[in-house]
Amino acid sequence: MRICREGLESAIAQALIAALNAELSERYPEDDSANHFRLNRHEVAPGRGAFLVAYGEGVPIGCGAVRRIEAGVAELKRMYVAPAMRGRGVGRALLAALEAEARQLGVTRLVLETGPRQPEAIALYEREGFVHIKAFGEYENHPLSVFMGKDL
């Protein structure tokens, strides 16, 4: 497996994000638009964040982003692993690479928002040291949000 930076507006990134959005729409059919929180290319530009893609045998199999949201704090966004590749350590490897990117940004705390219908994601984050935290940011009043954080 190889993990590298990819432009957020690239065809590869857009295909992975579309697959993630389709899965979220299936898991949370109540209000489709409420499940697709924004991520802009300037938020993952060098010095502010990163969008990473995992490749297996040259094929994109997962993605994730980190964006600095305030001094010392960054948020994980758009974590996704193709269903056929789950359970093979791709998510763990992406998470480790994103944590490394965050450290390079001078970040000492990572936060994230996920959902209660994504138990495999919650389990991954818990295994990797994330704990449940209070609501934050644009998701604060979203009823189907779970908030987690980790000190680096």
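The values are calculated or read from the model by the stated rules, or taken from the named source; none is laboratory data. Predicted model, so just to flag it, every value in this text is computed and none were measured. So basically every Cβ, Gly included, is an ideal-geometry build from the backbone, and we count neighbours across all protein chains shown. In case anyone asks, the SASA skips ligands and DNA or RNA and just uses the protein heavy atoms, side chains included. Shrake-Rupley method; radii C 1.70, N 1.55, O 1.52, S 1.80 Å.
Within region 46-68, the residues that satisfy the criterion of being part of a strand (DSSP E or B), surrounded by fewer than 18 Cβ atoms within 10 Å (Cβ to Cβ) and in contact (Cβ under 8 Å) with a residue 40 or more places away in the chain are TYR55, GLY56.
Cβ separations smaller than 7 Å between residues 6+ apart or across chains give the following pairs from region 101-122 residues that are among the hydrophobic types (A, V, I, L, M, F, W, C) to residues that are in a helix (DSSP H, G or I): LEU110/GLU99; LEU110/ALA102; LEU112/TYR125. Within this structure, LEU8 fails the test of being under 29 Å from HIS142 (Cα atoms) and either open to solvent by 30 Å² or more (accessible area, probe 1.4 Å) or not in a loop (DSSP other than H, G, I, E, B) (or both). Taking region 134-152 as the search range and keeping residues that are in a loop (DSSP other than H, G, I, E, B) and touching a residue at least 40 places away in the same chain (Cβ under 8 Å), which one is nearest to PRO119 (Cα to Cα)? Out of the qualifying residues, it is LEU144.
Selection within region 103-117: residues that are of a type in the set (D, E, K, R) and farther than 25 Å from PRO83 by Cα. The member of this set that is surrounded by the most Cβ atoms within 10 Å (Cβ to Cβ) is ARG109.
On inspection, GLU120 passes the criterion of being in a helix (DSSP H, G or I) and open to solvent by 30 Å² or more (accessible area, probe 1.4 Å).
No other residue among GLY115, GLY62 is touching a helix residue (DSSP H, G or I) at 6+ places or on another chain (Cβ under 8 Å) and more than 21 Å from ALA15 (Cα to Cα) apart from GLY115. Evaluated against (1) touching a residue at least 12 places away in the same chain (Cβ under 8 Å); (2) charged (D, E, K, R); (3) open to solvent by 30 Å² or more (accessible area, probe 1.4 Å), LYS77 falls short on exactly one condition, (3).
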